[in-house]
Amino acid sequence: MNDPWTPYSARVVERVVETPDVVTLSLRFTDPEVQQQYRFACGQFNMLYLFGLGEVPISIMDYQDGCLQHTIRAVGRVSRKLVALEPGAMIGLRGPYGNSWPLEAARGRDLVFITAGLGCAPVIAAIRRAIAERDAYRRLIIMQGVKHSEDLLWQAQYDRWREVPDCEVLLAASEEAKVPFAWSLGMVTTLIDKARFDPLNSTVMMCGPEPMMRASIRALENNGVAMDNCYFSLERNMQCALGLCGHCQMGSPFICKNGPIFRVSDVRDWFLLEGY
Amino acid sequence: MAQASIAVHKLTSCSGCQSVFLNLGDDLLVLNELVEISHFIEAGLNNFDAEVDIAFVEGSITTPDDEARILKVRERSRFVVAIGACACSGGVQALRNVKDSVGWAGAVYADTEYLDSLAESRPVAQLVKVDLELWGCPISGRQLIATVRALLQGVPPVLPTEKVCQECKRAGNVCVLVTKAAPCLGPVTRAGCGALCPSFGAPCYTCFGASEQPNCDSLGERLVGLGIPQRQVAERFVSISSGLEPYQKAWARWRIPAKQLDS
Amino acid sequence: MDQSVFLPQGDFGQIFERLREAGYRVVGPAEQEGALTYDVLESADDIPVGLVDRQAPGHYRLEQQNHRRRFDWVGTAQGLKPWLFVAEQPLWVAREVEGGLRFEEVRETPVPTAVIGVRACDLAALALQDRHFLDGDYPDPHYRARRESLLLVAVNCHRSADTCFCVSTGDGPEVTFGADLVLDELDQGYLVKAGSERGAELLARLPGRPVRGWHKRRAKALRKQARTQQRALPSRDLRGPLYAARDDMRHWQPVAERCLTCGNCAAVCPTCFCHRVDEESPLDGSLSRAVRRWDTCFNDEHSYLVGHVVRKSAEHKYRQWLTHKLAIWHDQYDRSGCTGCGRCITWCPVGIDIVEEAERLCREVGES
Ligand SMILES: Cc1cc2nc3c(=O)[nH]c(=O)nc-3n(C[C@H](O)[C@H](O)[C@H](O)COP(=O)(O)OP(=O)(O)OC[C@H]3O[C@@H](n4cnc5c(N)ncnc54)[C@H](O)[C@@H]3O)c2cc1C
Ligand code: SF4
Ligand code: SF4
Ligand code: SF4
Ligand code: FES
C-alpha cells in the first residue's frame, strides 16, 4: 500500500469521444492487486494524475468490464491533456474519496435528478444506479438544462431513459431561439415547476453550476420540497482530497472529506453566501 | 532529436536575462539537446531570420530599430515569450516615461546627436502579441526551466502571482519591514525570486513586477507612517518595474510635487 | 510523585548535554535579522542571554537587558510549525518506466529533535496541528514522522508581549500539557518539572537540587505577572457574532482597505495548515516530483476554480481568515483556531490586529 499521497499507476484502456471537448476514459490499475481491492460508491471521486503536470479530482462515472470510467471535460491545463489521452497512455490514480449519494436511504421514494451544464457526471452515475434497481424507487424524474440543445451529452441515453417505466425526462435549453420537440425553453428551474413528483416524499439529487443550484433550491422550496431531502455535489479547488490541504473548505465543510455530496439543509448558509 | 526550435532575442536591455540561459550550467547542455537553438547572439549563434517555435525576447522597445525587429520576431515565431522586467514592463529605462528624457540625455551624454530613441520605453506586449511573460530582473533559472519543460509538454507553465512574502516566509526569513522598518515592497511584488533580497536582510525592489491584488495605497501609507520620507517611498515604487500601473499610481500619490522638488 | 528539581543557573548546559547524549539535535532560540527564531544550536552558549522582545502591531524589536536570563523573551517569529509541517515538503516522485508510471514515496527519517524554549501557546497550537494532520482518515505521514521524533522543553512565560492574548483564549501563559520538561527561569537557576516519562528520565540525569519553598513562590509570582495582558478576545467562541457579521460585506470593508492580502498572518500563524501541491520536473523530464508548499487563503490560487476565483476580493479573503480562525474552527475541531500568540498582529506589515478587528465586528453586529 502506498502512503495516502502517492498515486498508483493506471492505464487508459478505452477512450470514447462524447463531444469535441468531452471524453470518457476507461482506466485500469497496472497492478491487478490494487485493481482487485478497489471499491467505490456512487458519487465518489478519484484524483487523476498526468506525468509532469499534476492531479485533478474527477467523479467516478461507472465501473464496467473491470474498468473505472471517468467523463472529463477539457477546461484547463490538466484536463485538456487528459482528454487527449489515447488507449495505452499511462496515468496515476488514487482514490476513491468522498461520500456517496443517499441511494439506500431514498428507497421507496420519488427520485428527482437535476443537472445542468457538464455538472452531470456525478448525477448520471446515480441515475444509472437507480435505473438498474428501478423497482426500489417510485417515480424517477430526470431534469437537465443546457445552453444549446446540441450540448446535451448522451442524447441517446436520455431517449432510452424515457422508455423506463414511470420515468419522466425533462430537458431545457436556455439560449436557443427555437427548441426541438419535447424540449422546454429556459433554465432548468422552469422544469421544476413542470415536473410531477410528490414534494413530501421525494429525494432530490443535484449537480451543476452554483448559480443554477441556488436557483433550483429556491424553485424546490417554492414547490414545497424540504431541504432535508435535497442533496447536491459541490466543487472547490482540491490539492489533496485527504482533508489536509485546506483548499476545499467552503466555510466549515471540507468538500473532499465531508462531501462532495451534501444534504442541502446542512450547508445551506455557506452555500448561499458569495465568496466562501 | 530536438523537440522544438528556439531563438533568444535582445532589444534594449542589459543582457542579464539572456545570461540566465548561459548560467544554467548542466541544464544548458540538456537544453541544447532538447531544442535546436537557432538564434542566440550572446552564445555565438546569429540567425535572426530563422523561423522558430519559441522566441524568448529580452529587453524593452526604446528605439525605432527595436520596433522593426520585434515585428519581425513575431512574424517568425509561433510562440513569443517576453523575458524579464524590460520586456514585460519597460524595465528601469521606462523611468524616462515619467520624466523628461531629452533633458536627461543631455545631462548624461556630451553629444546627443547620434542618439536615436523613442520617447517612451515600452514592453513588448504593447507592440505585438505576447504568449507568455516571464518576470524578473533577471528572470529565474528555475522558472525558465519550468517554462521550457511545460511548453515542450504542450501546456502553459504554472507561474505564481502570489506575493514575495509567501516565498519569504517559506524560506524562513524574518520580515525586515517589521524588525527594521525597511521599505520592503514584497507585499505588492510577484513571487519568483525566492525572496532573494529579504533572505540577505535587504528589502524587496519589485524585480518580478506587480503581484496579484497589489495594495500599494495601504503599503505606501504604512511606509510613510514608519517615518520614511514621502519622496523615497514614491521612488521606491518606480525603480525596476516603473512601467506598471499600480506602481505609477503609488508614485503619483507620494511624490512631492515637482515645484517643491525644484526649489 | 512530584518530579521537580532546581537546576542552578551554571548547570543549564547539562540539559543540553543530556539531550545530546540521548541522540537529540537541539533547537532553541537564536537571533536572526533582529528577531528570535528557533534554530539548531551547537551548545547552550548559543542561547542569547538578557534579550527581551518588544512587540506591537507590525513591529518587533529585540532589546539587550542587563541580566543573565535566557528565556525572558516572549515570542519567536515562528512557533513549532516549520519544524513539523515544513514549508516545502517533497511528497513523491514519478518516473516514466517500461509499462507504466512508477511512483516512489518520499520517506525521510527525521533527526530526533529537542526544542528548548517552547511556550504554552506553541504547545496549544501543536495540539491543534496534531488534530488536523494526525486525527483524520488520512494521517499525514510526513508530519507524523517529525512529530514522533520531537521532544519538547517548555518554558513558562514570566512576561507577556503587548501582542499576547493567550489568557483570553485559555492557552497560556502557563504550560499545562504537552511538554516533556517545563522550566521556570529564576535569576539563580531553573525550576525543572517533568511532564512525561521521557522528561522524567531526563530529569533524573540532571544534577538537580531539591526545590525550596521560595523557588516555588517566586516562580508562581512571575507566572502571575505574565497574566497581565493588554489584549483579550471578547469570548472563546465567537461563532455568534462572526456568523452574523459574515453576510454583510460592509463589515469587512474597512479592514480590506488596509489588508495587503500578503498572507503573512497565516504564514506565521502556528495553527494554519493550508498547503498546495506543486509539480516539478528537471529540464530533461526524467522524473516529476510532487512538492507541497505552505499556502494561504489570501492567495487567489487557493480558491481558484476553472474560470474564477471564489474568494477574489480582499473582503472575502480577510473574512475567510478571521472567521476560520475564530469561528469556523469550532465547527471543524471543537475549539477556536487561535491560541492567542499574537504573531499575526506583530508580523502583519501594516499592523492589522485580529483582536481589534474581532472586537469591532462584535460591536458592529451588537449595535445593528
Ligand atoms: C469532487 C469533484 C469532482 C469532479 N468531477 C469532474 C468530472 O467528473 N468531470 C470533469 O470534467 N470535471 C470534474 N471536476 C472538475 C475538475 O476537477 C476540474 O475541471 C479540473 O480540476 C480542472 O483542472 P485543469 O488543470 O484542467 O484546469 P486549470 O484551470 O488549469 O486549473 C488548475 C488547477 O486548479 C485546480 N482546479 C481548477 N478547477 C477545479 C475544480 N473545478 N475543482 C477542483 N479543482 C480545480 C486543479 O488543481 C487544477 O489542476 C470535479 C471536481 C471536483 C472537486
Ligand atoms: S490567529 Fe494570530 S494570535 Fe491566533 S494563533 Fe494564529 S497567529 Fe497566533
Ligand atoms: S485561515 Fe486561511 S490559511 Fe489559515 S487554515 Fe484557514 S483557510 Fe488555511
Ligand atoms: S492581515 Fe496583514 S498579514 Fe494578513 S494578509 Fe492582511 S496585510 Fe497581510
Ligand atoms: S482537497 Fe485538500 S482538504 Fe480537501
Exercise. If C:PRO8 satisfies every condition in (1) without any contact (Cβ under 8 Å) to a residue 60 or more places away in the chain; (2) under 22 Å from C:HIS158 (Cβ atoms); (3) more than 13 Å from chain B (Cβ to nearest Cβ); (4) surrounded by fewer than 17 Cβ atoms within 10 Å (Cβ to Cβ) but one, which is the exception?
Worked result: (1)
Exercise. Within the range C:153-167, how many residues turn out to be part of a loop (DSSP other than H, G, I, E, B) and either out of contact with any Leu (no Cβ under 8 Å at 6 or more places or on another chain) or of a type in the set (Phe, Trp, Tyr) (or both)?
Worked result: 8
Seminar exercise, completed: Matching residues in the range A:163-198 (of a type outside the set (A, V, I, L, M, F, W, C), without any contact (Cβ under 8 Å) to a residue 60 or more places away in the chain and more than 26 Å from A:PRO20 (Cβ to Cβ)) number 9
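Can you find a residue in the range C:325-346 that is within 16 Å of ligand 5 (Cβ to nearest atom), closer than 26 Å to B:VAL155 by Cβ and not assigned by TED's automatic domain parsing to the domain that holds C:GLN129? Working first, answer last.
Narrowing the range C:325-346 to residues within 16 Å of ligand 5 (Cβ to nearest atom): C:328-329, C:331-333, C:337.
Next, only the ones that are closer than 26 Å to B:VAL155 by Cβ stay: none.
No, the range C:325-346 contains no residue that is within 16 Å of ligand 5 (Cβ to nearest atom), closer than 26 Å to B:VAL155 by Cβ and not assigned by TED's automatic domain parsing to the domain that holds C:GLN129.
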Seminar exercise, completed: Exception for C:SER160 within (1) within 25 Å of A:GLY246 (Cβ to Cβ); (2) in contact with a Ser or Thr (Cβ under 8 Å, 6 or more places away or on another chain) falls at (1)
For this session: Filter the range C:319-332 down to residues that are more than 10 Å from ligand 3 (Cβ to nearest atom) and not hydrophobic (A, V, I, L, M, F, W, C) and give me whichever is farthest from C:ALA267 (Cα to Cα).
Result: C:ASP331
Exercise. Hey, among A:ARG128, A:ARG162, which residue is touching a strand residue (DSSP E or B) at 6+ places or on another chain (Cβ under 6 Å), surrounded by fewer than 20 Cβ atoms within 10 Å (Cβ to Cβ) and of a type in the set (D, E, K, R)?
Worked result: A:ARG162
Problem set entry | Filter result (away from ligand 1 (no atom under 16 Å from the Cβ) and touching a Ser or Thr at 6+ places or on another chain (Cβ under 9 Å)) within the range A:26-59 | A:PHE29, A:THR30, A:ASP31, A:VAL34
Exercise. Quick one: C:LEU152 ticks every box in (1) closer than 18 Å to C:CYS272 by Cα; (2) crowded, with 24+ Cβ neighbours inside 10 Å bar one, so which box is it?
Worked result: (1)
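So which residues in the range A:212-233 are among the polar types (S, T, N, Q) and in contact with a Ser or Thr (Cβ under 8 Å, 6 or more places away or on another chain), if there are any at all? Step through it out loud before you land on a result.
From the range A:212-233, those among the polar types (S, T, N, Q) are A:216, A:222-223, A:229, A:233; that's our starting set.
Once the filter is applied, which keeps residues that are among the polar types (S, T, N, Q) and in contact with a Ser or Thr (Cβ under 8 Å, 6 or more places away or on another chain), the range A:212-233 yields A:SER216, A:ASN229, A:SER233.
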Exercise. If you scan the range A:244-276, which residues turn out to be touching a Cys at 6+ places or on another chain (Cβ under 6 Å) and away from ligand 2 (no atom under 16 Å from the Cβ)?
Worked result: A:CYS248, A:PHE254, A:ILE255, A:CYS256, A:VAL264
Exercise. Pairs, please: C-beta under 6 Å, at least 6 apart or cross-chain, first residue β-branched (Val, Ile, Thr) and in the range B:240-256, second surrounded by fewer than 23 Cβ atoms within 10 Å (Cβ to Cβ) and part of a loop (DSSP other than H, G, I, E, B)?
Worked result: B:ILE240/B:TYR205
Exercise. Which residues, counting only those in the range C:195-213, are closer than 24 Å to C:ARG227 by Cβ and buried (at least 21 other Cβ atoms within 10 Å of the Cβ)?
Worked result: C:GLY195
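Given the condition more than 14 Å from ligand 5 (Cβ to nearest atom), within 30 Å of A:LEU200 (Cβ to Cβ), of a type outside the set (Val, Ile, Thr) and part of a loop (DSSP other than H, G, I, E, B), answer yes or no: does some residue in the range A:242-256 qualify? Walk me through it before giving the result.
Just the residues of the range A:242-256 that are more than 14 Å from ligand 5 (Cβ to nearest atom), to begin with: none.
Looking for residues that are more than 14 Å from ligand 5 (Cβ to nearest atom), within 30 Å of A:LEU200 (Cβ to Cβ), of a type outside the set (Val, Ile, Thr) and part of a loop (DSSP other than H, G, I, E, B), one finds none in the range A:242-256, hence no.
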Exercise. Say we look at the range C:223-248 and pick out the residues that are surrounded by fewer than 16 Cβ atoms within 10 Å (Cβ to Cβ) and not in a loop (DSSP other than H, G, I, E, B); which of these is farthest from the other protein chains (Cβ to nearest Cβ)?
Worked result: C:LYS224
Exercise. In the range A:54-93, which residue that is within 14 Å of chain C (Cβ to nearest Cβ), of a type outside the set (A, V, I, L, M) and under 18 Å from the mean Cα position of the chain (by Cα) is nearest to ligand 4 (Cβ to nearest atom)?
Worked result: A:PRO57
Seminar exercise, completed: For C:ARG258, the lone unmet condition from (1) modelled with pLDDT of 95 or more; (2) away from ligand 4 (no atom under 16 Å from the Cβ); (3) basic (Lys, Arg) is (2)
For this session: Quick one: count up the residues across the range A:1-40 that are within 26 Å of A:GLY243 (Cβ to Cβ), away from chain C (no Cβ under 13 Å) and in a loop (DSSP other than H, G, I, E, B).
Result: 3
For this session: Kindly indicate whether C:VAL310 is within 16 Å of ligand 1 (Cβ to nearest atom), surrounded by fewer than 23 Cβ atoms within 10 Å (Cβ to Cβ) and in contact (Cβ under 8 Å) with a residue 12 or more places away in the chain.
Result: no
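Which residues, taken from the range B:11-52, are outside any loop (DSSP other than H, G, I, E, B), touching a helix residue (DSSP H, G or I) at 6+ places or on another chain (Cβ under 8 Å) and not aliphatic (A, V, I, L, M)? Please lay out each step first, then the result.
Pass one, the range B:11-52, residues outside any loop (DSSP other than H, G, I, E, B): B:12, B:16-22, B:26-43, B:45, B:52.
With touching a helix residue (DSSP H, G or I) at 6+ places or on another chain (Cβ under 8 Å) added as a condition, the list becomes B:12, B:16-22, B:27-28, B:31, B:34-35, B:37, B:40, B:42-43, B:52.
Those that are outside any loop (DSSP other than H, G, I, E, B), touching a helix residue (DSSP H, G or I) at 6+ places or on another chain (Cβ under 8 Å) and not aliphatic (A, V, I, L, M): B:THR12, B:GLY16, B:CYS17, B:GLN18, B:SER19, B:PHE21, B:ASP27, B:PHE40, B:GLU42.
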For this session: Considering each of B:ARG253, B:ARG190, B:ARG170 in turn, give the residue that is out of contact with any Leu (no Cβ under 8 Å at 6 or more places or on another chain) and within 26 Å of C:TRP83 (Cα to Cα).
Result: B:ARG170
Exercise. Among all residue pairs at least 6 apart or on different chains, which show Cβ distances below 8 Å where the first residue, located in the range A:228-250, is more than 28 Å from C:PRO90 (Cβ to Cβ) and within 11 Å of chain C (Cβ to nearest Cβ) and the second is part of a loop (DSSP other than H, G, I, E, B) and near ligand 5 (Cβ under 8 Å from one of its atoms)?
Worked result: A:MET250/A:ARG236
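Matching residues to (1) in a helix (DSSP H, G or I); (2) within 9 Å of chain A (Cβ to nearest Cβ); (3) within 16 Å of ligand 3 (Cβ to nearest atom):
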| site | (1), (2), (3) |
| --- | --- |
| C:PHE273 | no, yes, yes |
| C:ARG276 | no, yes, yes |
| C:ALA290 | no, yes, no |
| C:ARG335 | no, no, yes |
| C:ILE352 | no, no, yes |
| C:ALA358 | yes, no, yes |
Problem set entry | Number of positions in the range C:84-128 that are farther than 21 Å from B:LYS169 by Cα and within 14 Å of chain B (Cβ to nearest Cβ) | 2
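Only residues that are outside any helix (DSSP H, G or I) and within 14 Å of chain A (Cβ to nearest Cβ): list them for the range C:254-271, please. Let's see the steps before the verdict.
Here is the first cut: in the range C:254-271, the ones outside any helix (DSSP H, G or I) are C:259-263, C:269-271.
Residues satisfying the conditions are C:THR261, C:GLY263, C:CYS269, C:THR271.
From the list B:THR147, B:THR161, which residue is within 14 Å of chain C (Cβ to nearest Cβ), among the polar types (S, T, N, Q) and either surrounded by 20 or more Cβ atoms within 10 Å (Cβ to Cβ) or in a helix (DSSP H, G or I) (or both)? Reasoning before the result, please.
On the way: B:THR161 fails: either surrounded by 20 or more Cβ atoms within 10 Å (Cβ to Cβ) or in a helix (DSSP H, G or I) (or both).
Within the list B:THR147, B:THR161, the selection yields B:THR147.
Within the range C:311-358, how many residues turn out to be over 26 Å from B:GLY220 (Cα atoms) and more than 11 Å from ligand 2 (Cβ to nearest atom)? Explain how you work it out, then say what you get.
Taking the range C:311-358 as the starting set, the residues that turn out to be over 26 Å from B:GLY220 (Cα atoms) are C:323-341.
Filter again for more than 11 Å from ligand 2 (Cβ to nearest atom), leaving C:323, C:327-328, C:330-335.
Residues flagged as over 26 Å from B:GLY220 (Cα atoms) and more than 11 Å from ligand 2 (Cβ to nearest atom) within the range C:311-358 amount to 9.
The values are calculated or read from the model by the stated rules, or taken from the named source; none is laboratory data. Owing to the predicted nature of the structure, the values given are computational and were not obtained by experimental measurement. Neighbour counts are summed over all protein chains in view; Cβ atoms, including those assigned to glycine, are modelled from backbone coordinates with ideal geometry.
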